[in-house]
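Participant: There's a structure below that I have some questions on.
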Amino acid sequence: MPYDRRASPMPPRLAPIDRTMRTLKKAILSMELPAIEKISEEQEGDAFQVLIGTMLSAQTRDRVTHEASTRLFAVAPTPDALMRLPLKRIERLIYPVSFYRNKARHVKAASRRIMEEFAGHIPATMEELLTLPGVGRKTATLTLIVAHESTDHICVDTHVHRIANRFGWVRTKTPEQTELALYEAVPKRWWADVNLFLVSWGQNVCKPVYPLCRTCPLDRLCPKVGVRGQGSGQVTR
Ligand code: SF4
């Protein structure tokens, strides 16, 4: 459903976007990279491995995604190798990622399509990426940003959705609405950074339950929209 600003008026106070993003940019430097950025760094930006890692990451903890991707790419680092791997072998390699049977089918079928339709290259447009089996909008946007260095997209997962609402940047019910609203709210120079900054923050500080507001460097900037309980842990800097 399209985002309707009139139906969802912005809350009265917003975390100022430039100051917030500049603060996050410094604060996340000491934090571990999220799984997909780590895979990209280790695999020198290999677009195929970024895509497959992102497909495996849905509803799966970062550590599990990273370990499963590492096992899989040690055996099948290219689409040609992965499409030839028996389904059961893929399942064993990626277990225990969530929905590993479905994901095994999807990564094998996507690899075949990449070989047959795209000559082994990872598509660089949203429309083409969405034709791959098992690839939805979140996977496509993250692949475009991380693998193809797109600055034209914002990738929204549950962390980005939750924190953008806590900041008051958007007032939305679903990640899909949040993505549309963020294109209006956030200056384009920050679009490609939104996912990395807010996912790192969500994993370490602005957690779903009991966010660490008392020691958060954004405490004075952030309106904490919808935050009820606050945790007592320390933000590591
Ligand atoms: S931890 Fe609290 S203060 Fe920090 S960004 Fe999240 S809601 Fe705002």
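The values are calculated or read from the model by the stated rules, or taken from the named source; none is laboratory data. What you see is a predicted model, and the numbers here were worked out from it, not measured in a lab. Counting neighbours? That spans all protein chains shown, and the Cβs are built from the backbone with ideal geometry, glycine included. The accessibility values were calculated without ligands, DNA or RNA, using every heavy atom of the protein model including side chains. Shrake-Rupley method; radii C 1.70, N 1.55, O 1.52, S 1.80 Å.
Participant: Relative to the longest principal axis of the chain, what angle (0 to 90°, nearest 10) does the C-alpha long axis of helix 191-204 take?
Facilitator: Approximately 80 degrees, to the nearest 10.
Participant: Next question. Note the angle between two axes, namely the Cα long axis of helix 137-146 and the longest principal axis of the Cα atoms of the chain, as a number of degrees from 0 to 90, rounded to the nearest 10.
Facilitator: 90
Participant: Note down the nm distance, to one decimal, between modelled labels 7 Å out along Cα→Cβ at Arg84 and at Arg63.
Facilitator: Once both label points are built, they end up 3.5 nm from each other.
Participant: Could I have the simple spin-label model distance between Tyr210 and Glu127, label points 7 Å from Cα toward Cβ, reported in nm to one decimal?
Facilitator: 5.0
Participant: Turning to a different aspect of this structure: Pull out the extension gain between Leu221 and Arg13, defined as 0.36 nm times the separation in residues minus the alpha carbon to alpha carbon distance; nm, one decimal. Intermediate values should be presented prior to the final figure.
Facilitator: Numbers: separation 208, 0.36 × 208 = 74.88 nm, distance 0.95 nm.
Extra length from Leu221 to Arg13 when fully extended: 73.9 nm.
Participant: Would you mind giving the three semi-axes, in whole Å and largest first, of the ellipsoid equivalent to the chain according to its Cα gyration tensor? Write down the numbers at each step before the final one.
Facilitator: On the way: eigenvalues 220, 77, 45 Å².
For the chain, the semi-axes come out at 33, 20, 15 Å.
Participant: Using amide H atoms built in the peptide plane, which far-off residues or other-chain residues are under 5 Å from Cys155 H to H?
Facilitator: Result for Cys155 returns Asn195.
Participant: Okay, moving on. Considering only lysines 8 or more places apart in sequence, or on different chains, count the pairs in the chain whose C-alpha atoms sit under 21 Å apart.
Facilitator: Eligible lysine pairs with Cα atoms under 21 Å apart amount to 21.
Participant: Rounded to the nearest 20 debye, what is the charge dipole size of the chain about its Cα centre when +1 sits on each Lys and Arg Cβ and -1 on each Asp and Glu Cβ?
Facilitator: On the way: 35 positive and 24 negative charges, 234 e Å.
Value, rounded to 20: 1120 debye.
Participant: Same structure again: Compute the angle between helix 100-118 and the longest alpha-carbon principal axis of the chain, please, reported from 0 to 90 degrees and rounded to the nearest 10.
Facilitator: Orientation of helix 100-118: about 70 degrees from the principal axis.
Participant: If you don't mind, another one. Determine the distance separating the Cα centre of region 165-209 from the Cα centre of region 34-97; give it in Å without decimals.
Facilitator: Taking the Cα centre of region 34-97 as reference, the centre of region 165-209 is 26 Å away.
Participant: Using every Cα-Cα pair within region 35-146, state what percent have a distance larger than 25 Å.
Facilitator: Details: 490 of 6216 pairs.
The answer is 8 percent, as a whole percent.
Participant: Here's something else I'd like to know. Suppose every Lys and Arg Cβ carries +1 and every Asp and Glu Cβ carries -1, with no other charges. What dipole size does region 164-237 come out with about its Cα centre, to the nearest 20 debye? Don't skip to the answer; put the middle values down first.
Facilitator: Numbers: 11 positive and 5 negative charges, 62 e Å.
Rounded to the nearest 20 debye, it is 300 debye.
Participant: When the accessible area of region 35-146 is computed with all protein chains present and a 1.4 Å probe, what percentage of it is carbon and sulfur?
Facilitator: Numbers: 2730 of 5280 Å².
Looking at region 35-146 in its full context, I get 52 percent from C and S.
Participant: Report the one residue of Met115, Val50, Leu221 whose Cα lies farthest in the direction of the positive end of the charge dipole of the chain (charges on C-beta: Lys and Arg +1, Asp and Glu -1; origin at the Cα centre).
Facilitator: Selected residue: Leu221.
Participant: I've got another one for you. Sort 65-75, 162-172 by packing, meaning the average of other beta carbons within 10 Å per residue, with the highest value first.
Facilitator: On the way: 65-75: 18.8, 162-172: 22.3.
Going from most to least packed, we get 162-172, 65-75.
Participant: Follow-up. To the nearest 20 debye, what charge dipole does region 119-174 have about its Cα centre, counting +1 at the Cβ of each Lys and Arg and -1 at the Cβ of each Asp and Glu?
Facilitator: Details: 6 positive and 5 negative charges, 103 e Å.
That gives region 119-174 a dipole magnitude of about 500 debye.
Participant: At 7 Å along Cα-to-Cβ for each site, give me the label-to-label distance between Thr151 and Gln230 in nm.
Facilitator: Here the modelled spin labels are 3.6 nm apart.
Participant: For a quick protection proxy, order the peptides 222-229, 142-149, 22-29, 111-118 by their average other-Cβ count within 10 Å, most packed first. Kindly include the intermediate steps, with their values, before the conclusion.
Facilitator: On the way: 222-229: 14.5, 142-149: 22.4, 22-29: 16.0, 111-118: 17.5.
Going from most to least packed, we get 142-149, 111-118, 22-29, 222-229.
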